[in-house]
1. Once phi is turned into ³J(HN,Hα) by the Karplus curve 6.51 cos²θ - 1.76 cosθ + 1.60 with θ = phi - 60°, what whole-Hz value does each residue of region B:16-25 show in order, with x for glycine and proline?
2. Between B:S147 and B:D253, what is the label-to-label distance in nm when each label sits 7 Å out along the Cα-to-Cβ direction?
3. If the only charges are +1 at each Lys and Arg Cβ and -1 at each Asp and Glu Cβ, what is the size of the charge dipole of the protein assembly as shown around the Cα centre, to the nearest 20 debye?
4. Can you list residues whose amide H is under 5 Å from A:L150's amide H, if they're 5+ apart or on another chain and H is modeled 1.01 Å from N?
5. Counting pairwise Cα distances across region B:174-254, what percent come out greater than 15 angstrom?
6. For peptide A:126-134, compute the average count of partner chain beta-carbon atoms within 10 Å of each residue's beta-carbon.
7. Applying 1/(1 + (r/R0)^6) with R0 = 60 Å to the Cβ-Cβ distance of B:L115 and A:A106, what FRET efficiency is obtained, to the nearest 0.05?
8. Give me B:S54, B:S119 ranked fewest to most by other Cβ atoms within 10 Å of their Cβ, as a rough exposure proxy.
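Nothing in this text is a laboratory measurement; each read-out follows from the coordinates by a stated rule. Keep in mind that this is a model prediction, so the values were computed, not measured. Heads up, the Cβs are rebuilt from the backbone with ideal geometry, glycines too, and the neighbour counts pull from every protein chain shown.
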Amino acid sequence: MSPPLVSLRGVGKTFANGVTALDNVSLDLRAGGFLSLVGPSGCGKSTVLRLIAGLARPDRGEILWAETRPRIGFVFQDATLLPWANVFDNVRLPLRLAGQGARDSAAAVAEALRLVGLADFAAAYPRELSGGMKMRVSIARALVQRPHLLLMDEPFAALDEIARLRLNDDLLRLKAETGASVVFVTHSVYESAYLSDRIAVMSPRPGAIAAIIDVADDGPRTRDFRRAPAYLDACAAAADALRAHAGKAVA
Amino acid sequence: MSALVARFGPPLAALAALIAVWEAGVRLGGVAPYVLPAPSLVLATLIADWSVLSASLWVTLEITFAALALALVGGVGLALLIDGARWLGRGLLPIAVILQVTPVVAIAPILLVWLSPSSAVLVCAFLVAFFPILSNTAMGLASTDKSLLEMFRLYGAGRWRTLWLLRLPAALPDFLGGLRIGGGLALIGAIVGELAAGAAGQGSGLAFRISEAGYRANVPRMFAALLLISLTGLAMHAATSLVSHLALRRWHDSAVARDA
C-alpha cells in the first residue's frame, strides 16, 4: 500500500487561553481517500483541519506529508465570498493571489464553475445567489487550482436538506472527476457515512480520536447506498462511538 | 414615472407650499423687506447681486473642496497608519480626538494669529471634515471579516495584497459614509470658520457676505447668500451620495434596491 498522503502523529494543540483543543491525535489520510471527521461541537474537528491546512501549528507531535505538501483547497463553513466581486472573480481569487493574470486563468475558472454546475453564473454577484449556490462558488474557488487535497469545514451545515443532499452527490462526483483526496468535517454521522470511506469519530475536551470506522465498499454511492448494510453499519458504529465518548456533557 | 412622483412628489410639494405661504404672508401682511424678504425678492436679489455673490460662492467652494481633499488624504492616510502601526496610531489618535472635540469656532481666532484669514478658514474646514473620515475608515479597516482574512492567508496573500484586494474594498462602505459626513462638514467648517475668523474684503466667501449684508441691513442679500449656501450643501450631499451609490450598487445592502 502506498504511504499516506498526510499523517498526524500525536498532534496536540493548546490555545493561548490555556484550553487544550487537541490531545495526542494520530490520523492517516490515504491518497485519494475521503476521510470524515465527526464529533460534537467544540471537539477540535476544525482545529485538525486548520493544522493540516497550515493555518495553525501543532504544539506537540508532527504532521508528515508523503512528499512535499500538496496543493490544498479549503472550503470554509460559510461561503466567505467577496461581496464586491462577481462569481468569476471570486473563483479566480486563488489564482490571482498566486500571481496569475485574468486571461490566463479564464479556462481554469470556467472549468471549476462547470464542475459545480454554475457555468452560466460567472457574472452574478454573491448577493444574487442562494445559500447553496454560494457554497458551490466557494467549492469552485477551492477547486480552481486543481488541489490534490480538499479540506472542507462543515461546508453544508447551514444549508437546507435538499441543497445538502444535492451537494453531497455533487461532491462525490467532483471527487471522482478531480481525483482529489478529501478531509470533511461534519457533525452528521449520516453525511459522513454517505460520503467517506473512513470516519474518524472525535471525543471532546480535549479533542482526541475516539474511533476510526471504515465504511465498507458496497457499490456506488447513490440513493440506494443509504439502504445498504455498509452505510447502515457505519452510521450505527459512528453513532455508538459518539455516544460512548460524549464525556460528561449533558445533552 | 409613478415611482418618481411617489418619491419626489411629497418633498417638492411641501417645499412649494412653504414658499407659497411665505410669499403670500409677506405680501398680504405687508412685511417690510428688511424684516423678511419675500422669496421672489430673494431670487431677484440673487440675480441682481450675482457678480458679488458668485465670486464669494467660488471662494467658499474652493475652500470647501480643498478642505475635503486634505481631509480625505489626511483621514485615509492616518487610518492606514493606525492600521499598520498600532503604536503610532495609539499615539496620534488622542490628538485627533482633542482637535475633534474642541469647537472649531474657538480655534479659529488662535489660527488667525499665525495664518492669513483664508488659510485659517481652510484649516477650520479641514479640522471638522477630517475626523469622521478618519474614524469611519479606521473602523472599516478594523472590521474585515475574519474568515476572509484567513482565506487570504491560506492562499498565501501578503500584507499589501490583502490590504488592496480585501481590506480596502471591505472598508469602502464605511469610508463612503465618512465621506458623506465629511463633505457636509467641510462646507459647515468653511462657513463657521469664515464667520469666526472674520475674513473680509477681497477673497471673502459667502459667510462674510451674510455678515456684511447684515451690518448694512441688506436682508434680501443675506437671504440670497444663505440660499446659495443651502444649495451648495444640497449639491455636496447629492454628489457624495451619488459617488457612494455608484461604488456600492452592485453589492452592498445599503445601495441595493430592497425588492431586488
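1. 4, 4, 4, 5, 4, 4, 4, 4, 5, x
2. So the two model labels end up 1.5 nm from each other.
3. Working: 46 positive and 37 negative charges, 84 e Å.
Approximately 400 debye in magnitude.
4. Here A:G73, A:S181, A:V182, A:V183 satisfy the definition.
5. Details: 2054 of 3240 pairs.
Counting every Cα pair in region B:174-254, those more than 15 Å apart make up 63 percent.
6. Numbers: counts 1, 6, 4, 0, 0, 0, 0, 0, 0.
Mean partner-chain Cβ count within 10 Å for A:126-134: 1.
7. Numbers: r = 56 Å, r/R0 = 0.94.
According to the calculation, E is roughly 0.60.
8. On the way: B:S54 12, B:S119 15.
Lowest to highest Cβ neighbour count: B:S54, B:S119.
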